[in-house]
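Encoded as structure tokens, the structure appears first; notes follow it.
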Amino acid sequence: MSDIQSSSATQVATPAGSGERVEREFTVKERRQWQIVLRRFLRHRLAVTSLIIFGFLVVLAFIGPYLWIHQYTDLDSGSSIRFSGSNPMGTDSLGHDLFAQVLRGMQQSLKVAFLVTLLSTGIGAPYGAIAGYFGGRIDAIMMRICDVLLTLPLFLVAGALVTGRGGSVLTVALVLGLLGWVVDARVVRGVVLSLREQEFIEAARALGAGTVRIVFRHLLPNATGAIIVQITLNIAAAILAEAGLSFLGLGVQAPDTSLGLLVNQARLAVDTRPWLFYWPGVMIILIALTINFVGDGLRDAFDPRQTRQRR
Amino acid sequence: MIAYTIRRVLVSIPILLVASMIVFTLTLFTGDPIQEKYAGRNPPVPAQTIANERARLHLDEPIVKQYGNWLKNLVLHGDWGPSINGTDDIGAELSHRLLVTVRLVMVAMLLAVVLAVITGVLSATRQYSKLDYSFTFIGFVFLSMPTFWIAQLLKQGAIGYNEGTGNRVFFTLGARADHPEPGAWNTVADIFGHLILPTISLALITYAALSRFQRASMLEVLNSDYMRLARAKGLAPRRVLVRHGLRTALIPMTTVSALGIAAIIGGAVITESVFQWNGMGLYLVKSIALHDRYAVMGWLLISGFFVIVGNLVADILYGILDPRIRYE
């Protein structure tokens, strides 16, 4: 689909050092890094479509509850309706409107996902950058701390923190974020390890830049690609992890709700009221799938090596 | 290499110790085991019984002393500590469940790796073809499904099939039948019938991530200079692809698989819960629910051990397979 386009894009990114360049100079427009990335991303049709759907779902989750005729706590519909004009996703045995519940569930699940991402990227990225930049003993100690966290079972930590605290969105996000940042730290550290050997870091150091400046002004911005991709993966992973916690009763607790909790509550009624099981499940998949595709498109856009060109 | 291995093992010991201290403390916060065990009994449990239980589980000693005693008994006497159920032996339970989980994990991993390599390589060699898009799409769908949703879906399908055909082909609960019929053939059918559903659901989830990984690693290889050189030398395309490309692209896969196996030995929690597969994951869930502290500690040591060994094996394999990497 994009062989011709992508080869021209790479020439913009790294001006070819051949004689060809002289002829091209007049036709090639100067583009900044983010413009190049944006152009590559926009060419990935699946990713762009996914971004639009994901954006729509987010807006729906946060604005939908104000517009929809039922509230998620309302019990004014008939019980166990499969489908009706005012209950497009049906109702449960108590008479909750499933669409209202799914809207609320999406909102809570997305809140968890965004909080987790904020936490794990916020802690993990600087942590990994610092470990990778210093290397040696500091790196070794920092990474051993990560190893300890990786051996802790998520379900025990959740059990210890969620039990007795009622499993609010905040607690669930805290549990997932506090264990999740390790992955981000490792990814960023890997990128920084290869970056720090490059000349521009040496140049910055020669100019007298301090550690803080080098980490935050030089290393992290250059790791942006990896971090942004990691953010999308975190969102998807957090949505799924929240569902997993709900399955074991360690996620968001009733009377509040989340997509994971909705699916889990419907698990035993899957024979009699299957729609209760399938609708929230489909929404989980839709959210995770679209954000995963966005991440895939971003990865391709940031990393031209992943695009195979005919030579 | 030997010095490197020894150093790595030595580093792992403090990691496991610190983790066990944290877990020991965390179990305090999950709740009171005695409360959990005896609450709501009618007639109420005599105070003497409760006092005995507390003494047996060392609940009234200071936490540091509890931890110290546990560690001492484990290292010196191989004693895993008392379980909430007085009759349970944690060590025996763990070794039994480890085997049950390994049976599940090994088959699932094998299936996932083989599928992932095939589709990953096909995807990479035909990047942006219809085939690539299909595999990518399928992979992402499995990547985006909650584990218990896939498992439940498979379970429903199997129940439907069993009822539809009147044959009990798939077993949806447990690792073995409660009352297995005698005979070698029945035993095999019994084990296989119970294995198939949890294996498929575990394999699908693992496959999704691995196939993406294999595709990326193959793409990276395909774009490398030595591949271009091999083609330029005029080698047969198939030979270039298999001998020069695939062999290199499989190296990261071996390490990732080693890590993956290690990680799910302790943690196929959800798959095991849905299918009531009495392995390590279910043991953890059960122990946490009962606040069975020493059982959780035992689980942590076993799973931690496998994570550490898995990491080590992965690194050493990498060094052996890829001559560019040498450990000092």
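The values are calculated or read from the model by the stated rules, or taken from the named source; none is laboratory data. A quick note: this is a predicted structure, and the numbers were derived from the prediction, not measured. Here the Cβ is made from the backbone with ideal geometry for all residues, glycine too, and neighbour counts use every protein chain on show.
If the condition is being assigned to a loop (DSSP other than H, G, I, E, B), more than 10 Å from every other protein chain (Cβ to nearest Cβ) and not hydrophobic (A, V, I, L, M, F, W, C), then segment B:288-324 contributes B:Asp292, B:Asp322, B:Pro323, B:Arg324.
Residues are listed down the side, and each one gets a yes or a no for (1) under 17 Å from A:Leu245 (Cα atoms); (2) more than 10 Å from chain B (Cβ to nearest Cβ); (3) surrounded by fewer than 23 Cβ atoms within 10 Å (Cβ to Cβ); (4) of a type in the set (A, V, I, L, M):
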{"site": "A:Asn264", "(1), (2), (3), (4)": "yes, no, no, no"}
{"site": "A:Asp271", "(1), (2), (3), (4)": "no, no, yes, no"}
{"site": "A:Pro274", "(1), (2), (3), (4)": "no, no, yes, no"}
{"site": "A:Phe277", "(1), (2), (3), (4)": "yes, no, no, no"}
{"site": "A:Pro280", "(1), (2), (3), (4)": "yes, no, no, no"}
{"site": "A:Asn292", "(1), (2), (3), (4)": "no, no, no, no"}
{"site": "A:Phe302", "(1), (2), (3), (4)": "no, yes, yes, no"}
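Candidates are the residues of segment A:160-181 that are touching a Phe, Trp or Tyr at 6+ places or on another chain (Cβ under 8 Å) and touching a residue at least 40 places away in the same chain (Cβ under 8 Å); the one that is nearest to the other protein chains (Cβ to nearest Cβ) is A:Thr163.
Among the residues of segment B:136-146 satisfying the criterion of being part of a helix (DSSP H, G or I) and crowded, with 22+ Cβ neighbours inside 10 Å, which is farthest from the other protein chains (Cβ to nearest Cβ)? Walk me through how you get there before you give the answer.
Kept after step one, since they are part of a helix (DSSP H, G or I), are these residues of segment B:136-146: B:136-143.
Those still in the list that are crowded, with 22+ Cβ neighbours inside 10 Å too: B:139-140, B:143.
Details: B:Gly139: 9, B:Phe140: 5, B:Leu143: 6 Å.
Step by step, filter segment B:136-146, then rank; the result is B:Gly139.
Determine if segment B:101-109 includes at least one residue that is part of a helix (DSSP H, G or I), closer than 30 Å to B:His244 by Cβ and not basic (Lys, Arg). Yes; the residues of segment B:101-109 include at least one that is part of a helix (DSSP H, G or I), closer than 30 Å to B:His244 by Cβ and not basic (Lys, Arg). Among the conditions (1) more than 12 Å from chain B (Cβ to nearest Cβ); (2) surrounded by 24 or more Cβ atoms within 10 Å (Cβ to Cβ), A:Gly251 misses just one, which is (1). Of all residues in segment B:17-69, those satisfying the criterion of being outside any helix (DSSP H, G or I) and either at positive phi or within 14 Å of chain A (Cβ to nearest Cβ) (or both) are B:Gly31, B:Asp32, B:Gly40, B:His58.
The helices (runs of 4 or more DSSP H) found wholly in segment A:154-242 and carrying at least 2 residues that are surrounded by fewer than 18 Cβ atoms within 10 Å (Cβ to Cβ) occupy A:169-195, A:199-206. Only one entry in B:Ile63, B:Ile118 is among the β-branched types (Val, Ile, Thr), surrounded by fewer than 17 Cβ atoms within 10 Å (Cβ to Cβ), at pLDDT 85 or above and over 26 Å from B:Ile270 (Cα atoms), namely B:Ile118.
Taking A:Val148 as the residue in question, decide whether it is closer than 18 Å to A:Thr257 by Cβ and either at pLDDT 85 or above or under 21 Å from the mean Cα position of the chain (by Cα) (or both).
Values: closer than 18 Å to A:Thr257 by Cβ: no; either at pLDDT 85 or above or under 21 Å from the mean Cα position of the chain (by Cα) (or both): yes.
So A:Val148 does not fit the description; no.
Here the condition is being of a type in the set (D, E, K, R) and surrounded by fewer than 24 Cβ atoms within 10 Å (Cβ to Cβ); of B:Arg243, B:Arg293, it holds for B:Arg243 alone.
Only one of the listed residues (A:Ala236, A:Ala226) is within 10 Å of chain B (Cβ to nearest Cβ), under 18 Å from the mean Cα position of the chain (by Cα) and hydrophobic (A, V, I, L, M, F, W, C). That residue is A:Ala236. Note on segment B:97-111: residues that are without any contact (Cβ under 8 Å) to a residue 12 or more places away in the chain and surrounded by 14 or more Cβ atoms within 10 Å (Cβ to Cβ) total 1.
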